Amino acid sequence: MGRATSDAEAGSDPGAGSGADAGTGGTAGAGGAGVGAHAPPPAPAPPGDAAGLGRPRALAFVTPALVLILVFLVFPALWTIYLGVTDYRLTGIAAVEPRVVGLDNYGRAVGDERFHTSLWLTLQFVLGSAVIGQAGLGFAIAWVTRGRGRTLRGLVEGLVMLAWILPGSVVAFLWIALLDRDGGTLNALLDTPGAAWLLDHPMLSVIVFNVWRGTAFSMMLYSAALQSVPPSHLETARLAGASTWQQLRDVVFPHIRGHALTNLLLISLWTFNDFTPFLLTAGGPEGRSEVLAVYILNVAVRGGELGYGAAISFLILLINLIVALFYLRMLRERRTAAPAEPVAGGGR
Amino acid sequence: MTAIPATGPSLSKRARGLLPYLGIAACALWCLAPFYWMVISAFRRPQDQFDNTVVPVRWSLENFTAVFSGGNAFGRALLNSLVVAGTTTLLTLLVGVVTAYALARLSFPFKNAVLGIIIATTMFPGVSQLVPLLKLFTGIGWINTYQAMVVPSLGFALPLSVWLLTTFFRQLPFELEQAAMVDGCTRGQAFRRIIVPLAAPGVFTTAIITFIAAWNEYLIALSMVNEKDMQTATVAISKFTGISGFDQPFGTQMAAGVIVTVPLVIVVLIFQRRIVAGLTAGGVK
């Protein structure tokens, strides 16, 4: 099962990942030596250097991307660590000459009631909207549409994707209009005039919103994963009288375990760092929907306390790291044979 | 866990067969309803904006005119979005293709370290980059410039693009280049004439995904720019003032939302299979 590929386009690629890396140690040098010469019939390139570009040029190829990533992703992350131990502010004296205050910011966070609330809300947000909502609903749709006609699947896929590609600021206003107290569509539909959803149930609104918005990715991933479950296994299970739940537990889940974990890892991290709830409720009322990403924005940009904001940012980075390690560990437990390649994802 | 309810034996087989379709229909409705509401609200008259009829009582284009009226400067914002997203996509592809090709085809020291760094950075929370980037750009005078929006987007888009493109390049057999070179191509020609055309679908998918992400970017665009003339569309929408200047201009915002999303919807409808394939390839592998 290890590296079951996803779909037709990726299907022709069994284990290519390791092919490029394997056994190149000795041959790389030979490939590098032959680069300068422009001899017309080149000897077949060694496996590690099929394009015959050689080491210096290969490095030159990779450098621009690395520099960009280092300067605009890694360096800011490191700087966050430094800023986190200063009293740097957006305005005032501390904006010009920030003082190093050691671990004061972290001490403050540990004692900050607002930070605790925010952490707890983020946990609800991730569990409720990502793990239960997006992954659950995404799997349900993928399971129900599996094996149906191409048109139907395409249609459902397209609709779910629609919610996913719309700009956050647009969908936020859409939902504000939908949930509005006086003119809101939901109140008209449910016949509950005057129910202020965003004020009375801010966290619930934000969670439902995020489920609506983010289900597409899980659905697409599970759809692809379900194709790797051999139909004959399901057929056998069904003939043996297994219920749907038994089929899922004993046939499907063992097959898609890797995909499920990958998906959970990605959507957990995305949801954790998602700041779209800000557009819906701005963290209010009274901080009752202030998830960590919104908290940072409120503290750092709106409150001007960049140093404290940076310290919280670093804490978020650490939490992300822990979450990622946890999932990757679970992945590795099963995939000891295949190189446990982590995954990339999109759609921040 | 699934949408299929526990169906008791009392249900007829026919009803059981229908249930999944009902589920699918409910789901489609759930996905479509807010979007439908946006389009419909955009076409209402401003004075009817809180109506709850399924179809506008009176259709009107007033909201669309309001979007482009004086104070909102939405045309300029659209142009800004196009410049920022377009530049980001082009640069991402340029840098990404070269990097991915090297990663997929060549061996060099620290290759795995390079891959590791690229993967690790996809997990960085965008918000945590905000403070240092703000400080950096204030320091070098980049506030209210295009590059202040393009370069961070580039940084965020690159890891995913490199990853996707590497996957695509690895699917092309090495023998292709070798055969081309045996036939007299130089290495550069082999890359340009054989690999680039073959990888075009992958490059294209990456382009679409990058463009959508850049087009929708909000946090950086909001923080790095405070001049109205440099706002991107997503930021501009959130700062709209109504026709009267006081009320929440839902109608205008919805109309602007329609304008911003129509290009995306068209792209998605046309290239749906591609996008799905690209995303799942990136996510599953």
### Task
Could you work out the mean projected area of the convex hull around the alpha carbons of region B:12-63, in square nanometres to one decimal?
4.5
### Task
Could you tell me which of B:VAL265, B:ILE237, B:THR186 has its Cα farthest along the dipole of region B:179-278 towards the positive end, charges placed at Cβ (Lys, Arg +1; Asp, Glu -1), taken about the Cα centre?
B:THR186
### Task
Keeping all protein chains in position, work out how much accessible area A:SER232 exposes to a 1.4 Å probe, and write it in Å² to the nearest 10.
70
### Query
Ranked by accessible surface with a 1.4 Å probe, highest first, in what order do A:SER243, B:SER223 come?
A:SER243, B:SER223
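Sorted from largest to smallest, which semi-axis lengths in Å does the alpha carbon gyration tensor of region B:180-232 give for its equivalent ellipsoid, taking the root of 5 times each eigenvalue? Walk me through the numbers on the way to the answer.
Numbers: eigenvalues 336, 29, 9 Å².
One finds semi-axes of 41, 12, 7 Å for region B:180-232.
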### B:TRP163 accessible area, assembled protein chains, probe 1.4 Å, Å²
20
### Message
Tell me the Kirkwood radius of region B:16-106: reciprocal of the mean inverse pair distance over distinct alpha-carbon atoms, in Å.
### Response
17.8
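Which value, in debye to the nearest 20, gives the size of the charge dipole of region B:73-239 about its Cα centre, when Lys and Arg are +1 and Asp and Glu are -1 at the Cβ?
That gives region B:73-239 a dipole magnitude of about 100 debye.
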### Task
Report, by chain and number, residues whose modeled amide H sits under 5 Å from the one on A:THR86, excluding near sequence neighbours (fewer than 5 apart, same chain).
A:VAL101
### Message
List, by residue number, every residue in region A:223-237 with a reduction of 10 Å² or greater in accessible area between the chain on its own and the complete protein assembly, 1.4 Å probe.
### Response
A:ALA224
### Task
Could you please report the charge total around A:VAL156, scoring K, R as +1 and D, E as -1 over all other residues with beta-carbon less than 13 angstrom from its beta-carbon?
+3
### Message
With N set to the number of residues, divide the alpha-carbon radius of gyration of region B:138-183 by 2.2 N^0.38 Å and report two decimals.
### Response
1.98
### Share of pairwise Cα separations in region A:242-309, more than 20 Å, in percent
52
### Query
So how exposed is B:ARG45, as accessible area in Å² (1.4 Å probe, rounded to 10)?
60
### Task
Provide, in order from the shortest bin, the percent of all Cα-Cα pairs of region B:73-239 in each 10 Å bin, continuing until the bin that contains the maximum pair distance.
10, 33, 29, 18, 9, 2, 0
### Summary
For A:TRP79, B:TRP37, A:TRP212, the accessible-area ranking with a 1.4 Å probe, largest leading, is A:TRP79, B:TRP37, A:TRP212
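Provide the buried accessible surface between chains B and A in square angstrom, both chains summed, 1.4 Å probe, rounded to the nearest 100.
Numbers: alone 16790 and 19950 Å², together 26440 Å².
Between B and A, the summed buried area is about 10300 Å².
For region A:113-337, report the translational diffusion coefficient in µm²/s to the nearest whole number, using Stokes-Einstein at 10 °C, 1.306 mPa s, and a Kirkwood Rh over Cα pairs.
Working: Rh = 19.4 Å.
Here the translational diffusion coefficient equals 82 µm²/s.
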### Task
Please give, to one decimal in nm, the separation of the simple spin-label points placed at A:ILE81 and B:LEU82, each 7 Å out from Cα toward the Cβ.
4.4
### Query
Of the listed peptides B:230-237, A:223-230, what is their order by residue-averaged count of other C-beta atoms within 10 Å, with the highest listed first?
B:230-237, A:223-230
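The values are calculated or read from the model by the stated rules, or taken from the named source; none is laboratory data. Note that the coordinates shown come from a computational prediction; the quantities given were computed from them, not determined experimentally. All Cβ positions, even for glycine, are placed from backbone atoms using ideal geometry, and neighbour counts span all protein chains on display. These area figures cover heavy atoms from the full protein model, side chains too; ligands, DNA and RNA do not enter into them. Shrake-Rupley method; radii C 1.70, N 1.55, O 1.52, S 1.80 Å.
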